[in-house]
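The structure under discussion appears below in the form of structure tokens.
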Amino acid sequence: MKVLTIGGAGYIGSRLVPELMKAGHDVVVVDQLWFGNFLPPSVNIIQKDSFSLRADFMRGFDAVIFLSGISNDPMAEYAPHLNFMANASAPAHAAYIAKKAGVRRFVYADSCSVYGFTDGVEVDEKYLPGSTAPYGISKLQGGLGVLQLVDDNFSTICLRQGTLSGYSPRMRFDLFINTMYMKAMMENKIVVNNPVIWRPLLAMTDAVKCYIKALEAPPEVSGTFNVLTLNLQVGNAADHVKRYFLEKHGVDVEQSINNIQDRRNYRVSNRKAREVLGIDFNGSLTGILDELDVNLGKDFNFDQDHFYNIQMFKRIFKE
Ligand SMILES: NC(=O)c1ccc[n+]([C@@H]2O[C@H](COP(=O)([O-])OP(=O)(O)OC[C@H]3O[C@@H](n4cnc5c(N)ncnc54)[C@H](O)[C@@H]3O)[C@@H](O)[C@H]2O)c1
């Protein structure tokens, strides 16, 4: 399949694109390269803003994977105007021109952040998302925009992802387990803002499978799919990381608990993704930590700005 991956040089894309190529797809990446480029030299990368793409450029692609955008709450709150353009308008714009160009499938990187603060009962895709934060609202708007375009010749699959964790050549240390791993490695410490908060976690290995399954799904499949490896409470995740460091590295990591109020709390079902897309979520928290250990470890230089989205973003978009 000829696949255009917009935002393909980010954390997810840097792991996904080589796997798509290994699976035999012909991949082109369009990315603004905010965080640099960690893709293999063989990847065809065009440094561009997705808003500058036109239907002529999209002609000939079978599918578009849309990973681009502002990818966390701190960035969205730092520049809400850019957030709503990048996350609410840009996916709809890209899907609109893709459809005009005859592309058959559009895969959108949605987020479970749309759910906001729930009472912790497991929710599925029929649950009405309640986020009031700029990031959550804009991701929901992006999904609605692209789903609006579905018809017999154009399929949209929104992968509503839990928080990703695991290794990528373009690391992010602002993500839940990745942050705990980095802090435990660098400072022998894990900071837990609120131990009772529920979060769905998506192992990078499972995320890659999700995108490949979404590309391969029968043409009539469209819709939103929660994708996650497991749901867990932040305090339990921290205990797991602490045990891992003790058993694997003989290090007794200190845990500090802040009990700070969180605006996000959700436990999510992945049943629809398993049943309709046939995704076998077989990642695990230990598997994620093993992967980080093998690829990073204690000699890794964690202190680089491009691994921390908000730091780079503030530098690029100085008010
Ligand atoms: N990582 C997660 O835990 C997670 C969870 C849920 C949803 N998501 C969503 O998945 C997507 C990818 O996440 P990620 O972790 O890889 O993010 P990332 O921040 O690492 O990568 C985003 C990429 O998009 C590029 N980009 C931004 N605006 C662009 C534009 N207008 N045109 C072209 N390129 C542009 C950036 O340069 C960057 O390389 C995001 O949309 C995010 O909202 C991520």
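The values are calculated or read from the model by the stated rules, or taken from the named source; none is laboratory data. Keep in mind that this is a model prediction, so the values were computed, not measured. No Cβ is skipped: glycine too gets one built from the backbone with ideal geometry, and neighbour counts run over all protein chains shown. In case anyone asks, the SASA skips ligands and DNA or RNA and just uses the protein heavy atoms, side chains included. Shrake-Rupley method; radii C 1.70, N 1.55, O 1.52, S 1.80 Å.
Just a few scattered comments:
- Our note on the geometry: Cα centres of the range 25-70 and the range 286-319, 22 Å apart.
- Under the Debye formula (equal points on every Cα, no solvent term), log10 I(q)/I(0) of the range 100-200 at q = 0.21 Å⁻¹: -1.15
- The trypsin sites (Lys or Arg not before Pro) of the range 252-311 that meet both conditions, a loop assignment by DSSP and at most 11 other Cβ atoms within 10 Å of the site Cβ, are Lys298.
- Rough spin-label spacing in nm, given labels placed 7 Å along Cα→Cβ, for Gln148 and His81: 2.3
- Helix-only CD estimate at 222 nm, as mean residue ellipticity for the chain, using -39500 (n - 2.57) per DSSP H run (n ≥ 4): -10500 deg cm²/dmol
- Cross-link partners of Lys139 among aspartates and glutamates (Cα-Cα below 12 Å; sequence separation of 8 or more within a chain): Asp73, Asp110
- Both radii come from the Cα set of the range 140-268: Rg as radius of gyration, Rh as Kirkwood radius; their ratio Rg/Rh reads 1.07.
- Surface share of carbon and sulfur [accessible, 1.4 angstrom probe, percent] for the chain: 50
- Spin-label pair Glu187/Lys48, simplified geometry with 7 Å Cα→Cβ offset, distance in nm: 4.2
- The range 11-115: trypsin sites (Lys or Arg not before Pro) in DSSP loop, at most 16 other beta carbons within 10 Å: Lys48, Arg54, Arg59, Arg104
- Comparing Asp26, Asp299, Asp239 in a Gaussian network model of the chain (Cα springs below 10 Å), the most mobile by mean-square fluctuation is Asp299.
- Tensor-based shape of the range 26-129 (alpha-carbon gyration tensor, a/c under 1.5 rounded, otherwise prolate or oblate): prolate
- Highest-fluctuation residue, Asn301, Asn72, Asn193 considered, GNM on the chain with Cα pairs under 10 Å: Asn301
- Shape parameters for the range 219-319, alpha-carbon atoms, Rg then Dmax in Å: 18.2, 52
- Whichever lysines have a C-alpha closer than 18 Å to that of Lys272, once near sequence neighbours (fewer than 8 apart) are set aside: Lys126, Lys209, Lys213
- Only Cα sites of the chain enter the Debye sum here, all with the same form factor; the resulting log10 I(q)/I(0) across q = 0.08, 0.13 1/Å is -0.34, -0.93, listed in q order.
- Working value for the range 110-167: equivalent-ellipsoid semi-axes of 22, 14, 12 Å, each the square root of 5 times a Cα gyration tensor eigenvalue, largest first.
- Mean separation of Cα contacts under 8 Å (6+ apart) over length of the range 192-265, as relative contact order %: 53
- Projecting the Cα atoms of Ser89, Tyr11, Met204 onto the charge dipole of the chain, computed from C-beta unit charges around the Cα centre, puts Ser89 farthest toward the positive end.
- GluC sites (Glu not before Pro) restricted to the range 174-229 and DSSP loop, no more than 12 other C-beta within 10 Å: Glu220
- Close amide H pairs (under 5 Å, H built 1.01 Å from N) link Tyr108 with Phe66, Ile157, Cys158, Leu159, residues at least 5 positions away or on another chain.
- Cα gyration tensor shape for the range 7-77, rounded if a/c is under 1.5, else prolate or oblate: oblate
- Largest GNM mean-square fluctuation across Gly166, Gly145, Gly24, computed for the chain with C-alpha springs under 10 Å, falls on Gly24.
- The 3J(HN,Hα) values that the Karplus relation (6.51, -1.76, 1.60; θ = phi - 60°) gives for the range 126-140 are, in residue order, 7, 5, 6, x, x, 5, 10, 8, x, 4, x, 5, 5, 5, 5 Hz. Gly and Pro appear as x.
- Rounded to two decimals, the Cα-based Rg/Rh of the range 268-312, with Kirkwood Rh, is 1.19.
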